[in-house]
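The next block holds one structure in the form of structure tokens; read it before the comments.
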Amino acid sequence: LVEAVPPGARLILIGDRDQLPSVETGDVLAALCDAAGDAASPLARVELMRSYRQSAELDIAALSAAVRAGDSAQALECLASNACRGVRWRHGRDTALATFVLEATLPHYRAIAAAPDVATALSMLRGQRVLTAVRDGDAGSRVLNARIALALQQPAQRPDAFFHGRPVMIRENSYRHGLYNGDVGIVWQDEDGALRVWFDTDEGPRAWLPASPSRTAVSTRWPRSIDSAVATSGAAAIAR
């Protein structure tokens, strides 16, 4: 990229230096930001301080800042005292945590399946996210996905079966379908009883046959792991 930039041009990189580190290529953006702090460096760094993704009535940003700064005392005090608005800390064994996740999420997922139309269902699906720190174990995303599917699908269905109300997530880009890694959709049954996988697009909800995105690789996505490579213990977060 740098070799392709003309000598008189300005290169502007935008990103989050505090994101999880890459598995292979390393934290390039963070390294460039650190280098920009050197007085002798030709690089300049501008840091945006205000977040427009979270309500000012929540203290999630303040808790995140304490974690990034390594201030474990402040972070734990905020969690233990329930002083952080919008955050509730539940701790215990993984089995108890998994039971809590199911109790907190199953009513919402059942309500999604009962929505009057697919547009409403997709909007409701965006209203709740379950993030786990690990993929494996009783509180991991794989086990939680299987338990939620078992609770919602019809008896005798295969664990990986497409059924009405099942959310799916794209795991590989498909430019032909206009679907990209991380896109979340929902399996929806039409008036004729046929199942389609619906995704939000710029033109509104759009449907594909369940087999169409299969080459793209899709996975059931109720809980999703944050990154098993950096997690050391079981935990789950439910965001509404």
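The values are calculated or read from the model by the stated rules, or taken from the named source; none is laboratory data. What you see is a predicted model, and the numbers here were worked out from it, not measured in a lab. Please note: Cβ atoms are built from the backbone with ideal geometry, for glycine as well, and neighbour counts cover all protein chains shown.
Structural remarks
- Residue in region 142-163 that is out of contact with any Ser or Thr (no Cβ under 8 Å at 6 or more places or on another chain) and under 24 Å from LEU58 (Cβ atoms) present: no
Conditions tested, residue by residue: (1) hydrophobic (A, V, I, L, M, F, W, C); (2) in a helix (DSSP H, G or I); (3) closer than 23 Å to ALA104 by Cα.
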{"position": "VAL5", "(1), (2), (3)": "yes, no, no"}
{"position": "GLY15", "(1), (2), (3)": "no, no, no"}
{"position": "ALA30", "(1), (2), (3)": "yes, yes, no"}
{"position": "ALA40", "(1), (2), (3)": "yes, no, no"}
{"position": "GLN54", "(1), (2), (3)": "no, no, yes"}
{"position": "ALA62", "(1), (2), (3)": "yes, yes, no"}
{"position": "VAL67", "(1), (2), (3)": "yes, yes, no"}
{"position": "GLY70", "(1), (2), (3)": "no, no, no"}
{"position": "ALA73", "(1), (2), (3)": "yes, yes, no"}
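- Count of region 131-165 residues, restricted to those that are part of a loop (DSSP other than H, G, I, E, B), touching a helix residue (DSSP H, G or I) at 6+ places or on another chain (Cβ under 7 Å) and either touching a residue at least 24 places away in the same chain (Cβ under 8 Å) or within 19 Å of HIS108 (Cα to Cα) (or both), is 7.
- Qualifying residue in region 170-182 (condition: among the β-branched types (Val, Ile, Thr) and modelled with pLDDT of 85 or more): no
- Among residues that are surrounded by 14 or more Cβ atoms within 10 Å (Cβ to Cβ) and within 21 Å of the chain's Cα centre (by Cα), HIS177 is not included.
- None of ARG50, ARG17 is under 25 Å from ARG135 (Cα atoms) and among the basic types (Lys, Arg) except ARG17.
- Residue satisfying all of: in region 92-107; outside any loop (DSSP other than H, G, I, E, B) and of a type in the set (Gly, Ala, Ser); surrounded by the most Cβ atoms within 10 Å (Cβ to Cβ) among these: ALA98
- In this structure, ASP34 does not satisfy being surrounded by 10 or more Cβ atoms within 10 Å (Cβ to Cβ) and either farther than 19 Å from VAL2 by Cβ or in contact (Cβ under 8 Å) with a residue 60 or more places away in the chain (or both).
- Counting the residues of region 108-130 that are outside any loop (DSSP other than H, G, I, E, B), modelled with pLDDT of 90 or more and not charged (D, E, K, R) gives 12.
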